[in-house]
Amino acid sequence: MNLNDDNYYSQEANQFFWSVSSYKDFCKCEAMAMAKIRGEFEQKQTKAMLIGTLCDRWFEGTLDKLREESPNIFFCRNGALRAEFRKADQIIKRVTQDERFMQYMSGEKQKILTFEMFGAPWKMKMDSFVKNICITDLKVVQNFKSLAFWRYDLQGAAYTEGVRIALGQDLPFYLAAATKEAVTNFDIFQIDRSTLDLALREIEGKMPRFIAVKAGLEEPHYCGVCDYCKSVKKARIRNYSELLEG
């Protein structure tokens, strides 16, 4: 299957390829991940996530396209950003004033690669790719501490391995991070090779199980706490003392 900007996020592409997002979904809840792949469940985007989307689209150069696609979500009738999303505009104005930040975001935007890894086809889309130099991913987060919470080491591991397999280039991986704090903080974070190697081994160890589940050879596990699990659950008798624990 050949991927482009129009079909990269399609259900067909998600059914055929693995990605960092789908791998993380399987780590959270296999049943939810399978429901997404089948088109039976869609994760709702929060306002915080949409702020990140606006920043991504600005760097991609596709903000005007977003204005056409979702005029009532992000923009007022006069074309201005809605008040709840003006933080994105503040973040963009701040980071674009910084020469180093923009240097790391100056590569080829949204470059798509496909490759075989751990017995399965994968896809990836890089925010900024500088041939023979580096891979950079833009992250708009609440604060710097949350960078570790979201396990971007997994993304860095898959992306660097994907570039090595598909292009034969062993490149460093950076996060160009900006925060949504009242005063935007921003820096470039490199994820070191030893951390990436550990994350890659983690992916390798879990993939046989996940591949079997996706192929229908194993039944998916239900986490019991995600939105999907709550949407399909049936009532059961529980002990009140559970609520008092902790």
### Query
Across region 100-122, which residue is surrounded by the fewest Cβ atoms within 10 Å (Cβ to Cβ) among those that are over 16 Å from G205 (Cα atoms) and among the small types (G, A, S)?
S106
### Query
Which condition does E42 not pass, out of (1) buried (at least 19 other Cβ atoms within 10 Å of the Cβ); (2) farther than 18 Å from V141 by Cα; (3) not hydroxyl-bearing (S, T, Y), if it passes all the others?
(1)
### Query
Picking from A48, A83, which residue would you name as being among the small types (G, A, S), out of contact with any helix residue (DSSP H, G or I) (no Cβ under 9 Å at 6 or more places or on another chain) and within 30 Å of S231 (Cα to Cα)?
A48
### Query
Do you know which residues across region 47-72 are of a type in the set (S, T, N, Q) and modelled with pLDDT of 85 or more?
T53, T62
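Return the total of residues in region 73-89 being exposed (fewer than 14 other Cβ atoms within 10 Å of the Cβ) and under 15 Å from I51 (Cα atoms).
6
Quick one: how many residues across region 123-151 are within 21 Å of F210 (Cα to Cα), buried (at least 22 other Cβ atoms within 10 Å of the Cβ) and either over 17 Å from the mean Cα position of the chain (by Cα) or not aliphatic (A, V, I, L, M) (or both)?
1
Pull up region 12-55, narrow it to residues that are part of a helix (DSSP H, G or I) and polar (S, T, N, Q), then point me to the one that is farthest from A182 (Cα to Cα).
Let us first name the residues in region 12-55 that are part of a helix (DSSP H, G or I), namely 12-16, 20-28, 30-37, 47-55.
Checking the rest, the ones that are also polar (S, T, N, Q) come to 14-15, 21-22, 53.
Working: N14: 37, Q15: 40, S21: 29, S22: 32, T53: 19 Å.
This residue is Q15.
The values are calculated or read from the model by the stated rules, or taken from the named source; none is laboratory data. Small disclaimer: the values here were computed from a predicted structure and weren't measured. Because the Cβ atoms are built from the backbone with ideal geometry, glycine has one as well, and the counts that use them run over all protein chains shown.
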